[in-house]
1. Tally the residues that are within 23 Å of G518 (Cα to Cα), part of a loop (DSSP other than H, G, I, E, B) and modelled with pLDDT under 75, restricting the search to region 138-154.
2. Taking region 173-196, which residues are of a type in the set (D, E) and at pLDDT 75 or above?
3. Looking at this structure, is R315 under 25 Å from the mean Cα position of the chain (by Cα) and buried (at least 16 other Cβ atoms within 10 Å of the Cβ)?
4. From the residues in region 599-627 that are of a type in the set (D, E, K, R) and in contact with an Asp or Glu (Cβ under 8 Å, 6 or more places away or on another chain), which one is modelled with the lowest pLDDT?
5. Just to be sure I understand, how many residues within region 55-84 are part of a loop (DSSP other than H, G, I, E, B) and of a type in the set (D, E)?
6. Out of the residues in region 448-468 that are open to solvent by less than 40 Å² (accessible area, probe 1.4 Å) and at pLDDT 90 or above, state the one that is farthest from A221 (Cα to Cα).
7. Of all residues in region 39-54 being among the small types (G, A, S) and not in a strand (DSSP E or B), which is nearest to Y325 (Cα to Cα)?
Amino acid sequence: MRSLIIILFAFISITSFAQRPQGVKPENMPKDGSIIGRVLDNESLKPVEYANIGLYKLHDSSLVTGTISDKQGFFKLTDLSYGRYYVEVKFIGFEKYISDVFMINPKKKTIQLSEIVISASARQLGEIEVVEQRNHIEYKLDKKIVNVSQDIIATGGTAVDVLENIPSVETDIDGNVSLRGSSDFLVLIDGKPSIFESSDALQQIPASTIEKIEIITNPSAKYDPDGVSGIINVITKKNVLKGINGILNLSVGTKDKYSGNFTISYKTNKFNFYGGINYSDQTRYGTSLRESRTSYNDTSYYLISDSDRNRARYRKSVKMGFDYYFNPANTLSFSGSLGEMGFIRSSSSNYHDYTFPFVMDDFYIGENSFEISRKYYRFNLDYNKKFSDEGHELKLSAYKSLNNGYGDDFLFEKTTDDTWSIILLNSFQQKTYEMSNGDEYRLKMDYSRPFQNGKLESGYQFRYEFSDQSFELEQFDTSLNNWEMLNEFSNDLDFTRNIQSLYFIYSGSMGIFRYQGGLRTEYTNRMIEQIILNEEYPVKRLDWFPSFHLSLDLSDNYQAQASYGRRIHRPRNWYLDPFPNYFDQRNVRIGNPALEPEFIDSYELNLQRKFGKSFVSLESYYRQTNNKITRARILGDNNIMTHTFSNLDHDYSLGFELMANIQMFRWWRFTATANVFRYQVEGDIEGLTLVQNTNTWSTRINSSFILKTKTRIQLSGYYSGPSVTVQGDRGGFYFTNIGVKQDLLNRKLSITLQVRDIFGTMKHSFTSTGVDFYFFNEFRREPRVVTLQLTYILNNYKKKERNGMNGEMDFDEGDI
C-alpha cells in the first residue's frame, strides 16, 4: 500500500509539472489562452443571450472566470493560464450544460468549442412572476427595431394604429402614414413585398399579429431602393414551439368596428405546418369642412361645404404554409395566402355654390359613395442552406402575386333651398367604373460568406410587374330618364415593368469600428401603353445605389452611427397616364408621361447613451430629393381644376430626433421623443417659380405601467406641428390614447380595453393656393373610440417564462 501511494503521488506530480513550461512557477505561467463558444436553444436553434458561462479547473473544480453570451449567443474567455478545464453553462429555465474536458497548452492556446445546445428544463416555472418590460427600441447597424407586442393601445386595430406610437413615423386622420415627413416608403411584410401601396398595405395587417417593426431609414444595398424615406418592415409573430399551438383574438369597438383572427400551428422535428384566418370590418365616422375660391374671366367662384363622411375598411383572408427541415442546415418553406380587401367612402354634404359678381347662388346636397374591392393571391417558396461556418448561407426565393378588383364612384346631387330642404331630386347623377388586374413575379438569390474579419454578401433579383386598367364614365340623362355612357371619357391603360438587380455588400470590424459598404445596380425596362390614344411611353435606364454604414462603440454605454444611402421613387402608373379622368363636374386628373423618377440622397448621424436598462439617443438626418414629384393643381378653361403631377427641382429635409427610453422602476417604463426639422421645397409649375420652407416639430410620449395584479396600463400622447407643401400648408394636430390589459387563467386569457383620442382633438387640415385659386379642407374623426379585445392562447402558444429572451417565441403580447 505504501508503495502504491508513492507511485500515485509521483505520477500526479509529473503530470502537473508537464502542464506548464519547464522551470515556470504556476503564478508566473503565461496567461495567453482563450476559449470561444456559442450557445443555442435546442428547440429553435436560435442564439441564447445572457447565458451564464463558467470556466472551472479540472483538478479541484474551482471557478476560474466567467462571462455571459451576447445577442448572437457568442462568448469569449481570455487571459487564461495553461491547464485542464471544463465549461459550465447555466440559464434560467434550461438544463445545466457541462462540456467535455479540454486542455490549453503552448501548442493549442485557443480552444474553439463546438456549438453548445441547451434544452429547456422539464421543471415548469409558471409560478415565477416576471414583471420587467423589454426595451421598446433596439438599434442595429442599419435599422431601428421597435418591439410592439406590448403595445396595448393598438389593440383591435391595424399596423397603422401601432405606428402611431413609433418614433420617426406619423399617421393622419385617414390612416395615411409618413416616415420622416414623406408618405413614400416601401412596406415589407416578413421581408417580402406587399401587393398594396404603403398605407393600404399597413391597413391590412392586424395589430395583434405583429411581433416587431423594423424602421430602416437608410437601407443597405441588399434592399430594394424604392421609397423616399426608407423601409417599414413588419415582422409577424411566429410560433417555434413543438406540438399543436394556437391563438385566438376577438375585438369589438364602438360604432361598427369588428375584427378577429385565429392562428394555429403544428410542429415536429421535421415539419412545421401553420395556418390562419383573419376578418375585419371597421367603419370610422367623421366630419369635414371645405372652402374653395377660384377666379375665371373676372368672376370669383365660391364653393363651401359641410359634410358627414364615413370611411370603412374590410378584409378577410386565409393563410397556410409549411416548413420542412431536411436537417439543421437545410430548410424548405412554402406559404400562400388569398383574401379580399375593400375600402368604402361615403359622404353627405351641404353645398353653397355662388359667384361674385352675381351669376349664380345655388344650394344643393351632394351624396357620394366610393368603393374599391380587390381580391388577391400570394405565394412564396424559399430554400435556406446553412454551411458549416457560422454566417455562411445561401437563400433562394420565388414570389408570385395576383390581384384583380374594381372601383365604383357614384355622385348624386339634389337641388335645395338655402335651408337645404330638397326642391328637386337627382338634379345631377354621375357614375365612374374602374377595373384593374395585376401580376408580379420575383426570383431572388442571396449569398453571404464570412471571413476572418468581415463578411461578403451578394445577390440577384428578377422582378416583373404587369397591370391593366380601364375606366368608364356614365351620366344620367334626365330627358331620356336613363344612364348614358360617355365614350369620350373611357380609358384603357397597360403597364409593364421589368427590373433586374445585382448587389454586393462587405461588412467587418476594426477595433471599436463596425462598418458596412455596398453597391446595388438596377436595370429598368418599362412600357406604358395608352390604348385609347394609341400611344406608347417606353423607358430603359440603368441606375446605381450605393450605401454605407459605420458604427463606433465608444464604450459599453456609448455608441455612434453614421450612414448614407441613395434611393429612388418611381412614379405610379396613374401618375403617367395622360388621358383625362373626371372626378366630378369641376375636377379632372391628367397624368404626366414625361414624369421622371425621384432620386434621394440620405445622410444620418446617430448617438446613443445607455445606462442600466435605459437609454437616450440623438439622431440627426439630412435628405435631398432631386426631380421631386409633386401633385399640382392648375385652374383651366371653364373653371375646371386640373390635378396633375410635375417634377420640381429639389426638396430638402434637415432634422434632429431626440429619444429617451427610461426604466423609471421595474413596473414603469417611460418613453419620449421630440423631432425638430426644417423642410424646404423648390420648383417650377406652369412657369411660376415656387419656394416654400418651414421649421416644424413633433413630440410623442408613451408611458407603461405593470401592476402586481397582472394588469398593464399604457398612456400615450402625440403632437405634430404645422408644415408646408409646394402649393400650401398643413395644420398641426394632437391626440391622446389609453389602454388597460388584464391577464387571467395563468396568462392564457387576456382582456384589453382601450380608448383612442380621449379629448376629441384629432383633425387634419390643409390649404392649397395658386394662380387664381384657394382651397381649404378640415377633417375630424369620431372621438373616444372604445375597443375591447379578448385573446385566448391554445396550449403553449406563448412565451414559456423560462428565459426572458426577446426572440420570436410566440404570439403572446405581453409581460416580460
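The values are calculated or read from the model by the stated rules, or taken from the named source; none is laboratory data. All values reported here derive from a predicted model rather than from experimental measurement. Virtual Cβ from ideal backbone geometry, glycine too; neighbours counted across all protein chains shown. SASA here: full protein model, heavy atoms, side chains in, ligands and nucleic acids out. Shrake-Rupley method; radii C 1.70, N 1.55, O 1.52, S 1.80 Å.
1. Selection size over region 138-154: 3.
2. Correct list: D184, D190.
3. Taking the combined requirement at face value, the residue satisfies it.
4. Restricting to residues being of a type in the set (D, E, K, R) and in contact with an Asp or Glu (Cβ under 8 Å, 6 or more places away or on another chain), the top hit is K613.
5. Here the count works out to 2.
6. S467
7. S44
Residue by residue, here is whether (1) closer than 30 Å to D494 by Cβ; (2) open to solvent by 10 Å² or more (accessible area, probe 1.4 Å); (3) part of a strand (DSSP E or B) holds:
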position	(1), (2), (3)
I528	yes, no, yes
S555	no, yes, no
D584	yes, yes, no
V588	yes, no, yes
